[in-house]
Amino acid sequence: EVAGAGVVDLIWNVCAAMPCQVVRDGMIVYRDNHHLTATFSASLAPALEAALQPYVAAIEAEAAPGPSPGP
């Protein structure tokens, strides 16, 4: 928070119900007790992109050039 970092929480995309599913949409979710499989992780890309969009927009807004001064 001090550094201005945000948090992206995808827990509901990983574990939508309790107990967490081991297989979802034909993909094995967990490699072991603490790691997601690469295939399932890749399937989270759209959710991650959507979650990051407000942060990206804020950065782009800060970097956008202001109006040019007149001659």
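The values are calculated or read from the model by the stated rules, or taken from the named source; none is laboratory data. Values in this document were obtained by computation on a predicted structure and should not be read as measured data. Cβ sites come from the backbone with ideal geometry, for glycine too, and all protein chains shown count toward neighbours. Heavy atoms of the whole protein, side chains included, go into the accessibility calculation; ligands, DNA and RNA do not. Shrake-Rupley method; radii C 1.70, N 1.55, O 1.52, S 1.80 Å.
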All conditions in (1) assigned to a loop (DSSP other than H, G, I, E, B); (2) in contact with a helix residue (DSSP H, G or I) (Cβ under 7 Å, 6 or more places away or on another chain); (3) of a type outside the set (Asp, Glu) are true of residue 13 except (1)
Just to be sure before I move on: is residue 3 assigned to a loop (DSSP other than H, G, I, E, B), of a type in the set (Gly, Ala, Ser) and open to solvent by 70 Å² or more (accessible area, probe 1.4 Å) in the structure I sent? yes
Contact list, first residue from segment 13-33 and without any contact (Cβ under 8 Å) to a residue 12 or more places away in the chain, second anywhere and surrounded by 10 or more Cβ atoms within 10 Å (Cβ to Cβ) and in a strand (DSSP E or B), beta-carbon distance below 9 Å, six or more apart or interchain, is 16/24; 20/30; 22/28; 22/30; 30/36
Report yes if residue 30 is in contact with a Cys (Cβ under 9 Å, 6 or more places away or on another chain), open to solvent by 60 Å² or more (accessible area, probe 1.4 Å) and among the hydroxyl-bearing types (Ser, Thr, Tyr), otherwise no.
yes
The one condition residue 62 fails out of (1) open to solvent by 80 Å² or more (accessible area, probe 1.4 Å); (2) touching a strand residue (DSSP E or B) at 6+ places or on another chain (Cβ under 7 Å) is (2)
Matching residues in segment 1-28 (closer than 19 Å to residue 58 by Cβ and more than 18 Å from the chain's Cα centre (by Cα)) number 2
Counted residues in segment 9-27 being in contact with a Ser or Thr (Cβ under 8 Å, 6 or more places away or on another chain) and exposed (fewer than 12 other Cβ atoms within 10 Å of the Cβ) come to 1
Say whether the condition of being modelled with pLDDT of 95 or more, hydrophobic (A, V, I, L, M, F, W, C) and in a loop (DSSP other than H, G, I, E, B) is met by at least one residue in segment 40-55. yes
